[in-house]
Amino acid sequence: MKQNFLYGLMLTLCVGIAGYAFIAYAALPLGSLVHPDMKTNFENHKLMVYLHIFASSIALLIGPLQFSKKLRASKPRLHRTLGKIYLCVGVLLGGVAGLLMAVFAYGGLGSNLGFGILAVLWLYTGARAYWAIRHGDVLAHQRWMIRNFSLTLAAVSLRIYLPLTLVFGWPFDIAYPIISWLCWLPNLLLAEWIYNRPASV
């Protein structure tokens, strides 16, 4: 029951954030819902922004489905097809665009490094997951995909933390570089803890 609840919550958040992204970036002028200081950067790098947003949204929508045991067992071909789309469109395109966006990320060096390392790790874990399944190592594939999707969920974490800057009145120029790390590092650490915790826990 607990696992079903957590899976349902993850699915809801992923669909919600992907839906928000499609509305915010497809139906509204670019930069309409971001901090005013970030709008200029977005307008100067439209291609990278749109590519990152929409590719990452595809990863958010497909990712939860790949963890469905029922889908993997009943429709393995669909699982493989969705996996290729997730990795080749969502992670590869979204990660490369994200890495380029990190160069001009608002917040200076802290944000550059935070988002840049996120993009590199997202690409790396995706490549390792693909390599593992191509060599028939299903267990390693699953572990690398868990790590990879924990980084995909940075899109969700980011949009949870950003409103808190307004709620608590934190200066955005200070909070944003911190969030560039906070949106993914705890996710990845949690994924590692799940795999490395003692069996009795």
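The values are calculated or read from the model by the stated rules, or taken from the named source; none is laboratory data. Treat the numbers as computed from the prediction; the structure is a model and nothing was measured. Every residue, glycine among them, receives a Cβ derived from its backbone with ideal geometry; neighbour counts consider all protein chains shown. Note: areas computed on protein heavy atoms with side chains; ligands, DNA, RNA excluded. Shrake-Rupley method; radii C 1.70, N 1.55, O 1.52, S 1.80 Å.
What the table below lists for this structure:
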read-out: With all protein chains modelled, accessible area of residue 153 [1.4 Å, Å²]; value: 40
read-out: The chain - percent of accessible surface contributed by carbon and sulfur, probe 1.4 Å; value: 70
read-out: Fluctuation leader among 126, 94, 110 - the chain, Gaussian network, Cα springs under 10 angstrom; value: 110
read-out: The range 27-67, accessible area per residue, ligands and nucleic acids excluded (1.4 Å, Å²); value: 50
read-out: Residue 196/residue 104 FRET efficiency (R0 35 Å; Cβ-Cβ; nearest 0.05); value: 0.45
read-out: Residues residue 30 and residue 140, FRET efficiency given R0 of 25 Å [Cβ-Cβ distance, rounded to 0.05]; value: 0.05
read-out: In sequence order, calculated HN-Hα J values of the range 144-149 (Karplus, 6.51, -1.76, 1.60; Hz; x Gly/Pro); value: 5, 5, 4, 4, 4, 6
read-out: Helical mean residue ellipticity (222 nm; -39500 (n - 2.57) per DSSP H run of 4+; nearest 500) of the chain; value: -25000 deg cm²/dmol
read-out: Rounded FRET efficiency, nearest 0.05, which uses the C-beta distance separating residue 73 from residue 39 and R0 of 35 Å; value: 0.15
